[in-house]
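To start, the structure itself, in structure tokens.
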Amino acid sequence: MISAEPYLKTQRVAQALGVSVSTIKRWVDSGMIQAARTVGKHRLIPFSEALRLAREQGFPEANLALLSGLASRPREQGDAGSPVDCLERLLREGKRTEARSFLQAYYRSGVGAVGLADDLIRPVMERIGHGWMVGSLDIYQEHEATETLTSGLRELVTRLGPGRPEGPLALGATTEGDPYVLPGLLGELVLLELGWRVRNLGINLPLRSLAVATLKHRPRLIFLSASYIRNEDEFVKEYRSFHESVAAVGAAVIVGGQALGPSLRSRLLFAGHGDRMAHLAEFARRFSPPAESPMLGDAGL
Ligand code: B12
């Protein structure tokens with residue numbers, strides 16, 4: 001069940017955006033901000049609407065910490081300001097429920113799966129990884145951060161549903177020995193939004209088995225994420241026999257991930273490569289023009 005969206009009082013949104021309460025009320029009444037009403041006719045603003053407003057209206061001084069319950073006073077030096085600051089701090093403090101609802105409100109605020117992946121989750125996890133590397137974070141906190149984002153993303157994927165029944169099919173996986181969950185889930189969300197049917201085969205999948213799945217399901221597209229490769233020569237050998245079998249069904253392979261540097265890539269054959277989910281989305285759009293599924297925000301869900 002997707003986490004309930006927090007609703008905020010007009011005072012809190014006004015304080016966080018640095019405008020007057022009457023301005024917020026006027027914006028609600030003019031329809032510029034979507035809001036609900038209490039029985040007593042008080043206006044309540046969905047968290048995602050406040051985030052959308054902060055982003056679209058470009059409130060540089062917006063106190064997102066105040067919006068996301070991280071702070072209860074006007075912004076001070078060093079306070080979490082940007083969405084990346086806020087989510088990183090919620091994860092560092094182990095605030096799992098707040099972090100999940102922040103993630104989903106950020107998604108509902110209209111950034112789409114690509115914005116969620118490339119502008120929020122990747123930079124946040126980079127900071128978490130750095131924290132682990134320099135010892136300001138313990139490994140359990142990195143694990144907890146990954147688990148929190150994983151469960152939040154799984155809810156969004158479930159909510160977006162299995163993709164359009166007549167949509168083209170894509171298979172996704174990470175390779176053998178690679179335990180990284182987030183890139184695969186984000187790839188799935190990106191393609192579902194574009195109306196693809198997606199079978200995310202998960203982590204740590206031997207390429208031999210991905211080839212079997214390809215011959216069985218005959219996908220149009222295979223997205224492969226590699227964040228960790230134990231032995232590059234072995235990987236290249238397995239990848240070559242995998243690619244021979246997928247070529248037989250005419251599937252296009254797009255690869256990406258931190259472990260696929262230029263020299264390793266130069267030893268592989270693939271139809272596309274990307275460093276960001278924006279590249280996967282662009283490839284999928286050009287490859288099979290979509291009848292796009294509604295994003296959760298559009299469908300008012
Ligand atoms: C979480 C994490 C883990 C977790 C993973 C948990 C899980 N279930 O997912 C665990 C604990 C398992 C782990 C283990 C290790 N980790 Co680690 N890990 C991370 C961390 C913090 C986040 C990775 C992540 O999920 N990021 C979020 C995703 C969405 O971002 P992304 O991977 O960058 O993906 C983006 C793009 O690359 C692209 N993309 C990715 N895939 C694809 C695919 C396609 C088709 C396309 C188009 C685009 C694309 O789009 C994404 C969105 O922009 C990173 C830090 C970092 N800088 O990323 C370290 C990091 C990757 N880990 C690192 C290391 C060293 C390890 C270990 C070797 C540690 C050890 N000694 O055991 C092991 C190796 C793995 C293993 N076999 O166990 C180093 C890697 C350094 C290096 N370059 O070699 C990093 C950078 C940490 C650091 N700062 O040093 N890790």
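Against the conditions (1) hydrophobic (A, V, I, L, M, F, W, C); (2) at pLDDT 70 or above; (3) outside any helix (DSSP H, G or I), Ala105 satisfies every one except (3).
Within segment 138-153, the only residue that satisfies the criterion of being of a type in the set (Gly, Ala, Ser) and near the ligand (Cβ under 8 Å from one of its atoms) is Ala145. Yes or no: Gly195 closer than 27 Å to Gly115 by Cβ, under 17 Å from the mean Cα position of the chain (by Cα) and within 10 Å of the ligand (Cβ to nearest atom)? No: the conditions fail for Gly195. Is it fair to say Val236 is farther than 21 Å from Met125 by Cβ, touching a residue at least 24 places away in the same chain (Cβ under 8 Å) and not in a strand (DSSP E or B)? So Val236 fits the description; yes. Can you pull out the residues in segment 174-192 that are under 16 Å from the mean Cα position of the chain (by Cα) and open to solvent by less than 30 Å² (accessible area, probe 1.4 Å)? If the condition is that a residue be under 16 Å from the mean Cα position of the chain (by Cα) and open to solvent by less than 30 Å² (accessible area, probe 1.4 Å), then Leu182, Gly184, Leu185, Leu186, Gly187, Glu188, Leu189, Val190, Leu191, Leu192 are the ones that fit.
Evaluate the following for Asn231: is it under 15 Å from Ile254 (Cα atoms) and in the same structural domain as Ala281 (by TED's automatic domain parsing)?
Values: under 15 Å from Ile254 (Cα atoms): no; in the same structural domain as Ala281 (by TED's automatic domain parsing): yes.
For Asn231, the condition - under 15 Å from Ile254 (Cα atoms) and in the same structural domain as Ala281 (by TED's automatic domain parsing) - is not met.
Filter segment 202-227 for residues that are in a loop (DSSP other than H, G, I, E, B) and surrounded by fewer than 17 Cβ atoms within 10 Å (Cβ to Cβ); which is nearest to the ligand (Cβ to nearest atom)? Looking at residues that are in a loop (DSSP other than H, G, I, E, B) and surrounded by fewer than 17 Cβ atoms within 10 Å (Cβ to Cβ), I get Asn204.
Among the residues of segment 240-254, those that are crowded, with 21+ Cβ neighbours inside 10 Å and either over 24 Å from Leu194 (Cβ atoms) or within 11 Å of the ligand (Cβ to nearest atom) (or both) comprise Phe242, Val253, Ile254. For segment 92-137, filtered to residues that are β-branched (Val, Ile, Thr) and more than 12 Å from the ligand (Cβ to nearest atom), the residue that is surrounded by the most Cβ atoms within 10 Å (Cβ to Cβ) is Val111. Go through segment 20-52 and give me each residue that's surrounded by fewer than 16 Cβ atoms within 10 Å (Cβ to Cβ), part of a loop (DSSP other than H, G, I, E, B) and out of contact with any Pro (no Cβ under 7 Å at 6 or more places or on another chain). Ser20, Ser30, Gly31, Met32, Thr38, Val39, Gly40, Lys41, His42 - these are the residues of segment 20-52 that are surrounded by fewer than 16 Cβ atoms within 10 Å (Cβ to Cβ), part of a loop (DSSP other than H, G, I, E, B) and out of contact with any Pro (no Cβ under 7 Å at 6 or more places or on another chain).
Can you tell me which residue is least open to solvent (accessible area, probe 1.4 Å) among those in segment 255-268 that are touching a strand residue (DSSP E or B) at 6+ places or on another chain (Cβ under 8 Å) and either of a type in the set (Gly, Ala, Ser) or away from the ligand (no atom under 14 Å from the Cβ) (or both)? My answer is Gly256. Scanning segment 175-185 for residues that are in contact with a Leu (Cβ under 7 Å, 6 or more places away or on another chain) and either near the ligand (Cβ under 8 Å from one of its atoms) or over 24 Å from Val84 (Cα atoms) (or both) yields Thr175, Glu176, Leu182. Here are His273, His279: which of them is assigned to a strand (DSSP E or B) and within 12 Å of the ligand (Cβ to nearest atom)? Residue meeting the stated conditions: His273. Could you check, for segment 154-166, whether at least one of its residues is open to solvent by 40 Å² or more (accessible area, probe 1.4 Å), part of a helix (DSSP H, G or I) and of a type outside the set (D, E, K, R)? Scanning segment 154-166, I find at least one residue that is open to solvent by 40 Å² or more (accessible area, probe 1.4 Å), part of a helix (DSSP H, G or I) and of a type outside the set (D, E, K, R), so the answer is yes.
The values are calculated or read from the model by the stated rules, or taken from the named source; none is laboratory data. Owing to the predicted nature of the structure, the values given are computational and were not obtained by experimental measurement. All Cβ positions, glycine included, derive from the backbone under ideal geometry; neighbour counts span all protein chains shown. Each accessible area value is taken on the protein alone, full model and side chains, heavy atoms only, with ligands, DNA and RNA left out. Shrake-Rupley method; radii C 1.70, N 1.55, O 1.52, S 1.80 Å.
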